[in-house]
Each structure stands twice: as C-alpha cells, then as structure tokens.
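A short write-up of the structure that comes next.
The values are calculated or read from the model by the stated rules, or taken from the named source; none is laboratory data. Note that the structure is predicted; figures quoted are calculated from it, not measured. Positions of Cβ are generated from backbone atoms using ideal geometry, with glycine treated the same way; all protein chains shown enter the neighbour counts. Side chains are part of the model used for accessible areas, which takes the heavy atoms of the whole protein and leaves out ligands, DNA and RNA. Shrake-Rupley method; radii C 1.70, N 1.55, O 1.52, S 1.80 Å.
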Amino acid sequence: MPELILEKPLAELLPVPSGALVEKQLKTEEMVLNMGPQHPSTHGVLRVELLTDGEVVSKATPYLGYLHRCFEKHAEALDYPMIIPYTDRMDYIASMNNDLAFCLAVEKLMKLEVPRRTEFMRVIVVELNRIASHLVAIGTYGLDIGAFTPLLFTFRDREHILSLLEWLCGARMLYNYIWVGGTSHDFPPKFKERVGEFVRYFKPKADEIYRLLTNNEIFIQRTRGIGVLPADVAINYGCSGPMLRGSGVKWDLRRDDPYSVYPELEFDVVVPTADECVIGDCLARHIVRAKEIYESLKIIEQCLDKMPEVENFDPQAAVPKRVKPPKGDVYGRAENPRGELGFYIISEGNTKPFRVKARSSCFVNLSTLPELAKGQLISDVVAIIGSIDIVLGEIDR
Amino acid sequence: MQPSIQPVWNKGLESFSESLTGNPVLGWVIASAFPLVFVALFALVAVYAERKISAFMQDRLGPMEVGKWGLLQTIADILKLIQKEDIVPKAADKFIFVIGPIIIFVSSFAAYAVLPFSSAFAGSSLNVGIFYAISITALEVVGILACGWGSNNKWALYGAVRAAAQIVSYEIPAGLAVLVGVMMAGTLDMQKIVMAQGGDAGILNFFVFQSPFAWLAFVIYFIASLAECNRAPFDLPEADSELVAGFFTEYGGMKFAFIFLAEYGNMFAVSVILSVLFLGGWQSPFPNVGGVMLHDWTSGPVWGIGWIMIKSLSFVFVQIWLRWTLPRLRVDQLMYLCWKVLTPFAFVAVLGTAVWELYFRQSSVSVLVCWIIGGLAVLFGFYKMFIAKGETPKSPKIIIAQR
C-alpha cells in the first residue's frame, strides 16, 4: 500500500466537528500577573511573576534584586567592626541576630574568648529580638490572611521589646550592639528587672495570639494543608529555621551546633504535631513561630537567673584594639529567627576581609516558592509567601 | 408629646412632605433629598465610628488630631478627596471607568426609596418594596464589573470577577431568607411587613421570635448580606492583601469617595432590611402589660425612627466588629459556604416557614417552642462567651519606657 504523503498531520486536515470548534474558540488563555515589587503582601520589594489560569497559579517565578546593596562587595573594603552596621541592615527585623552571627564567625577566626557575662547579655538581646521578629512574622501573616487586629496586638508587644533595646543601645532597629569580642554597652541599671517584667507581662499576651489567630476557624481553613513542603524536599532545598522545623525536622543550630551559652540552657526545639496541622503546611510554620516565642521566653528567664553580676563590668574589655584575624578562612553560623545565617570569611591577615559571603536563610527558603505555589490559588500564594516569612533585606543583601 | 402628624404609610413620603410644606413638588424634592443627605451623613459618622471602634479593639486611639477626639477627621478626609485631581488612567476605557462608581452609588442609594424609617416616613410605599430593594442593590454588580473592566488593570479585573461571582451567588440565600419574612407577613410591601409585626406583645410580635425558622432565616440573611456588601470576612473583591484594592485599585478622589459612600450606604440599607424583615422595623419592642401601656407610649412616627435606627445601627456595629476580628475566606470556601451551607438551610427555612404558617402560627404551643429554642440559643451563646472561654491570666502592668 503506497504511503500517503501529507503536508500536515492527518488530524489537522480532517474537518473539525462543530462542537470541538466552539470549544477551540472559547479556549482560555493563561495570563501573566505581575505581583510586586509594590504589592501589600510581598513583604517588601519581592516581585513574583505569576502565570495564572483564572485564579489558579500554574507557575510562580520570584525575581529578586530590588533591594540589592552590594553587602558582600562592600564588606571587602571595610574594617571588620565597620561591617557590623551593614549586617544590621540585612535582616532588619532581627538585627541583633545578624550581628551575633557575624561576630561569632570573626571570633572563631581569631579564637577570641568572650567574657561569660557578655555571652549571657548577647543571648538575652538575641532572644528578645527573636521574639520581636516572630511577632512581626505572625502579625503580618495574619494581615496576609485578612485579619487586621493581630498585627496591632503583636506590634504593641514588639514595641516594648524595641523600647528595651533602645534603652540598651540607643537604636530601635539597627543596633550595632554586639561587637567582635564584646558588646557596645553594659546592661543599664534595672535593665534586668525590666526584662523580667516584660517576660511576665508577655506570657499571657502570647496566649492572646493563640486565641485570636491560631485557633480561629477561618485562619485554620485558609492555612491548613496549603503549601505542603515535605521534609525531604525541605532538606534538599537547604531550608532552615521554622521552615524546616515546620516540615517536622528537629534541626536547630542552637542545639545541634551550639554556640555561646546555649548548651547550658534548657529549651525545646519546636516541631508541629500531626494533630494540629498537616506537617509542612503554612499552618505548621505559623505554629512553630508561635511556639518558639515561649521557648525564647524560657531562655531569657534562665539567662536572667544565670547571668553573673560583675562589679564595674566593662563589656568592651575583650574587644581587640585592632580586629586583625590571622590568615585563613572560616564559616560561622547562628540560628536566626528565619533560619541559618552563615558568614564565610576569607582573611589575608589584614584588618579588612578578603571575601565575605553571607548564606542567607530567607534566600534559600524563598527558593521553594515556585514549587509550593504551583497549582494553588492566588490567595494561597499570598499565604505561602507570608508563611515563608521573608525579609528582602537579607535576600538581596 | 407626639407631633401631630398622622400616620400616612399608605401614601408615601410625598404626602408627609406635602403636609409639611403644603406643596407637592417641593415635597417630592424633599422626599428625594432626604435619603441623599442621610446617606452622606451616615457615611460620615460610620467611617468615624469604624475607625474608633477598630482602634478600641486594637489598643489604639484612632484619629485624635483633627478636632476634639478626631471628630472632624472624616470631614477632613472628604475635603482631601474633593480636592484631589480627577485621574483617569491612560489605558482605561474612559466611559466605563467613569460610569462604574456612579452605577454602584446609584444602585445602593436607590434602595433607600422604599425603606420605611417610620410609620409616617417611607420614600415610596411600593407594593413590591422588598423585591425592588433586593433587585436594585443587586445592580451594584454591573457597576463593579464596569470598574474592574474599565480600569484595564489585572488586579481590578480579578476583584470585579470575584465580586460578580460572590454577589450573584449570595443573592440566592439572601433572597430565600427574605422570602421567609415575606411569607410570614403575606406582603412584599415593606411598610406592611413592619405593621404585621406590631401589637400589644411588643418584642414577641417580631418575626424572629414568631417561628424557629425565622431565626434561621435571620442568621442566613445577615451572613449573606455581609457578603453582598463585600464586608469582612467576605471582602474578597477588595482583598487588600491579595488584590491590592480589588476593583477600585485605580480609583482616586471623588470617584473613590463614591464607591466608599456606596459601601457604607449598602451596609446601612441591608441592616434596615434585616430589622424590617425580622426585628419589627420601627415597632417598639416594649409590650403593653396590663394598664402600663408601654408599647403605646413608645410608639409613633418619631419613636419609630429611633427604634429602627437603634436596630439597624446595632447591625452596622456587628458588621464593623466582625470586620476587625475575622480573617478572610478563600474564593472556593466562599462559594462552598454559599451553595452548600447557606442555600440548603435557606430552603429548609422557606419550607419550614410554610408548614409553620399553615399549622402552628398564633397557637400558644408555637410561641412556647420558639421561646424554648430562643432561650437555648441565648444560653448557648452565654456559655460560649463566658464559661467555655479559656481563662487568660491578666498581664501585669509594665513601665518599660522609663529610663
């Protein structure tokens, strides 16, 4: 039988049945929807390009760089102590934690011993800042879901923390408090009492968040089972912090790679349980943050008890006159509210680093967004971005 | 101490104003100007109230700068909106863009024509009043679609399409719930529906206490009316964290003010419809007990305005209260609630009312059953609010700011 030679495939040459023709003409198209950089729920200047079919998102691509400030290149031109204010501006919601991570790395490189009282002071301010950061995360997450009031409640309590830290070092957000080898100031008189007062005040207020937001039926409906990130995928992406713990992996650098005085302190690594959420969904990540607040309060209480009192303590005593690490390289990391923040520093033996590379937790966590957002509704994409809890200052650096 | 105005419910407002001015044409002008002024004033007060109530709920002060306690804040806002440049985006479809807010406002305002504010004060005593009110407010969808489409903005389009789907869907349970009230009164005339709820028994005569199915319809209509006004938790068309501002993303100045005004106008209109259908409208809630003619003393055209205002404004308060408490639903959950929860229950309410009206109405057993059900509901509410609520220790006072 001779073979038919056709210009087009047979199917296209055959007459189309009328029903199919109508269907073909009514075919819907996918629409590109640009979300951000000016959008209320992209938490800063994130831009996400959504490919949408109706309300369903078939592809989400994050575009970064709107807040890029050349931190890494800039750091090569600066003395080590001068870099600390720049690290403040990375994750500006939790500046103390950034300072600590950077100082830990430099101290590791210089093999510097820090006074015990300083260690406790650092842990207290870092945990206070962690609470403040989680409060912002929870409040803005409520806002993303459509509940306005939790935001105001969390910001009211965060205000107390900010005024404490302002009292301590004069700045409300960008502290430059933790220095290589010490801190800029000792605790003012009565500061410890005030922190203890705050802890007592805040415990019932943390329950309030539960009653208003976490246990709200609509909130649970909106977040439960949305954006599920299985544990193996989370590990493969390199997620850390509440993002990883939300997927059920018990991983906390404060426990697993301990630094400062954390080995002496008792606290739990919070992972969600299967009866309150689907492991790895948005609700799980929210619950991890909400519960970590209690753990931080526990840590602060213990630190207040254990902190040694020293007469005429000079927190700058151990600060080297010139920070000049020996030749070599180091990777120092710390558990930030958003995950592992690491600094890889190469030193040539000068007062300036040869290279500083920051390993940003938000950046890594955000890289899961295309996977999580696939096939979800637009409102769910908002919920997912909120649950990742990004700070663009750290992503773009 | 009643003013000597005869109840003229069957003639409408024109005769009321005619009796004031002695001139039918002037009466018509007054008749139409009254609600317009009222809506504007109500929006003024309601915006201030919403800000203050939300501030109270959120541990804030709210507006405090303009005038004593910020009382003049909304007036300042209006002045600002009036001064603003009237911008039409270059890519927008100008005609549709401009006409959108007008349709929205007119449709919400037109409902006021039939709302009975007192026995002597209803814009028009239309014999299909409630039907007219429901259908004219549904016209709002056209305006919202026009806004969304004419803006030539993808976010606005999403908001508009969401609004269309939402409002059209929620018309159904709302309409069925309204039908319950209509069946009980046997008329579509809103003024007559109110009159059917009068009597010596006062509050007992209100439809919501007359049949257990009226309770159901009352709740359904309230939820559905929230969705129809795009109020939280159903504010998806203007979901500020998802769609920037939804269908009015591109609007500013007076056009925005019109959309805003329409939203508040609509809030009040559905609250009035709710109180007319189920809570006796302008009827006094007090009963006549023996020689104490409390009901008669507190009834009359002027008293009526007071009663209906109290009833409607308390619903407006609940709307505000819910908005600042609840998160927002998702699109599919919204549709689920409408089609799979509210609509079946609304049908149950309609059928139940039909049976109730045939066999049980006005019998002493029925009143007893109603009161038992109502009492249980109230007890359950109290239990939920005061007893089942988790004990939260009070936070001690702190003075951190001290240096």
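Roughly how crowded by other chains is peptide A:374-387, in terms of the mean Cβ count from those chains within 10 Å of each of its Cβ atoms?
Numbers: counts 0, 0, 0, 4, 8, 12, 4, 1, 4, 3, 0, 0, 1, 0.
Across the residues of A:374-387, the mean count of other-chain Cβ atoms within 10 Å is 3.
How large is the accessible surface of A:Thr28 in square angstrom, using a 1.4 angstrom probe and rounding to the nearest 10?
Looks like 100 Å² after rounding.
Could you give the size of the charge dipole of the protein assembly as shown about its Cα centre, using +1 on the Cβ of each K and R and -1 on the Cβ of each D and E, expressed in debye and rounded to the nearest 20? Intermediate results must be reported in sequence, preceding the final value.
Working: 72 positive and 79 negative charges, 253 e Å.
The calculation lands at about 1220 debye.
With a 1.4 Å probe and all protein chains kept in place, how do A:His185, A:His286 rank by accessible area, largest first? It would help to have the intermediate numbers written out before the result.
On the way: A:His185 85, A:His286 5 Å².
My answer, sorted largest first, is A:His185, A:His286.
If the only charges are +1 at each Lys and Arg Cβ and -1 at each Asp and Glu Cβ, what is the size of the charge dipole of the range B:86-383 around the Cα centre, to the nearest 20 debye? If you can, show how the numbers build up before the last one.
Details: 13 positive and 16 negative charges, 44 e Å.
Dipole magnitude for the range B:86-383 comes out near 220 debye.
Peptide B:241-249: average number of partner chain Cβ atoms within 10 Å per residue? If you can, show how the numbers build up before the last one.
Numbers: counts 16, 15, 6, 5, 1, 0, 0, 0, 0.
Mean partner-chain Cβ count within 10 Å for B:241-249: 5.
Give me a single rounded figure for A:136-149: the average over its residues of other chain Cβ atoms within 10 Å of their Cβ.
Values: counts 0, 0, 0, 0, 1, 0, 2, 3, 4, 7, 15, 8, 12, 9.
Mean partner-chain Cβ count within 10 Å for A:136-149: 4.
In percent, how large is the relative contact order of the range A:70-371, given Cα pairs closer than 8 Å and 6 or more residues apart?
Working: 524 pairs, mean separation 83.8, N = 302.
Once divided by the residue count of the range A:70-371, the mean separation gives 28 percent.
Considering the dipole of chain B built from charges on the beta carbon (Lys and Arg +1, Asp and Glu -1) around the Cα centre, which of B:Ser169, B:Val66, B:Ile96 is farthest to its positive end?
Value computed over the given set: B:Val66.
Share of the range B:155-301's accessible area from carbon and sulfur, percent, 1.4 Å?
On the way: 2900 of 3880 Å².
That fraction is 75 percent.
Can you give the accessible area of A:Phe120, probe radius 1.4 Å, in Å² rounded to 10?
0 Å²
For the cross-link pairs A:Lys108/A:Lys298; A:Lys324/A:Lys352; A:Lys111/A:Lys327; A:Lys59/B:Lys90; B:Lys90/B:Lys255; A:Lys190/A:Lys291, which exceed 18 Å when the distance is taken from alpha carbon to alpha carbon?
Working: A:Lys108/A:Lys298 27 Å; A:Lys324/A:Lys352 8 Å; A:Lys111/A:Lys327 12 Å; A:Lys59/B:Lys90 30 Å; B:Lys90/B:Lys255 16 Å; A:Lys190/A:Lys291 28 Å.
Result: A:Lys108/A:Lys298; A:Lys59/B:Lys90; A:Lys190/A:Lys291 exceed 18 Å.
Long-range amide H contacts for A:Gln376: which residues qualify at under 5 Å (H placed 1.01 Å from N, peptide plane, sequence gap of 5 or more or a different chain)?
Under 5 Å from the amide H of A:Gln376: A:Val57.
Estimate for me the total accessible surface buried between chains A and B (protein heavy atoms, probe 1.4 Å, no ligands or nucleic acids), in Å² to the nearest 100. Intermediate values should be presented prior to the final figure.
Working: alone 18090 and 20790 Å², together 35160 Å².
Summing both chains' loss of accessible area gives about 3700 Å².
For the range A:215-252, list residues with backbone N below 20 Å from a point placed 7 Å from the Cα of A:Ala274 toward its Cβ?
Only A:224-235, A:244-251 fall inside the zone, counting backbone N under 20 Å.
Using the heavy atoms of the protein chains alone and a 1.4 angstrom probe, what is the accessible area of the range B:86-383 per residue in square angstrom?
Working: 11360 Å² over 298 residues.
Per residue, the range B:86-383 has an accessible area of 38 Å².
Please give the solvent-accessible surface of B:Val161 in Å², to the nearest 10, using a probe radius of 1.4 Å with every protein chain present.
B:Val161 has an accessible surface of roughly 80 Å² with all protein chains in place.
Kindly state, to the nearest 0.05, the FRET efficiency for B:Ser314 paired with A:Val32, given R0 = 56 Å and r defined as their beta-carbon distance. Kindly include the intermediate steps, with their values, before the conclusion.
Working: r = 47 Å, r/R0 = 0.83.
Rounded to the nearest 0.05, the efficiency is 0.75.
From the helices alone, meaning DSSP H stretches of at least four residues, give me the mean residue ellipticity at 222 nm for chain A, per-run term -39500 (n - 2.57), in deg cm²/dmol to the nearest 500. Show your work: numbers first, answer last.
Numbers: 17 runs with 187 residues, N = 397.
One gets -14500 deg cm²/dmol as the mean residue ellipticity at 222 nm.
With every protein chain kept in the model, how would you rank A:Ser260, A:Ser387 by accessible area, 1.4 Å probe, largest at the top? Can you show the working numbers first?
Details: A:Ser260 30, A:Ser387 0 Å².
Descending accessible area places them as A:Ser260, A:Ser387.
Between A:Glu193 and A:Glu72, what is the label-to-label distance in nm when each label sits 7 Å out along the Cα-to-Cβ direction?
If labels sit at A:Glu193 and A:Glu72, their model points lie 4.9 nm apart.
Of A:Arg224, A:Arg355, A:Arg254, which has the most accessible area and how do the rest follow, probe 1.4 Å?
Values: A:Arg224 105, A:Arg355 80, A:Arg254 5 Å².
Of A:Arg224, A:Arg355, A:Arg254, the descending order of accessible area is A:Arg224, A:Arg355, A:Arg254.
Which of the listed residues, A:Ile220, A:Ile145, A:Gly248, is farthest toward the dipole's positive end in the range A:70-371, when Lys, Arg count +1 and Asp, Glu count -1 at the beta-carbon?
So the residue we want is A:Ile145.
Evaluate the charge dipole of the range A:194-336 about its Cα centre and quote only its size in Debye, nearest 20, assuming +1 on the Cβ of each Lys and Arg and -1 on the Cβ of each Asp and Glu.
Values: 21 positive and 23 negative charges, 109 e Å.
Taking the Cα centre of the range A:194-336 as origin, the dipole is about 520 debye.
Under the rule a/c < 1.5 gives rounded, and otherwise a/b versus b/c splits prolate from oblate, where does chain B land using the Cα gyration tensor? Mind dumping the intermediate values first?
On the way: a/c = 1.43, a/b = 1.23, b/c = 1.16.
Rounded is the answer for chain B, as its axis ratio a/c remains below 1.5.
Assuming a ≥ b ≥ c are the square roots of the Cα gyration tensor eigenvalues, decide whether the range A:70-371 counts as rounded (a/c under 1.5), prolate (otherwise, with a/b larger than b/c) or oblate. Numbers along the way, then the final one.
On the way: a/c = 2.00, a/b = 1.36, b/c = 1.47.
Oblate is the answer for the range A:70-371, as a/c is 1.5 or above yet b/c matches or exceeds a/b.
In degrees, nearest 10, range 0 to 90: what is the angle between the Cα axis of helix A:282-306 and the longest Cα principal axis of chain A?
Once rounded, the angle reads 0 degrees.
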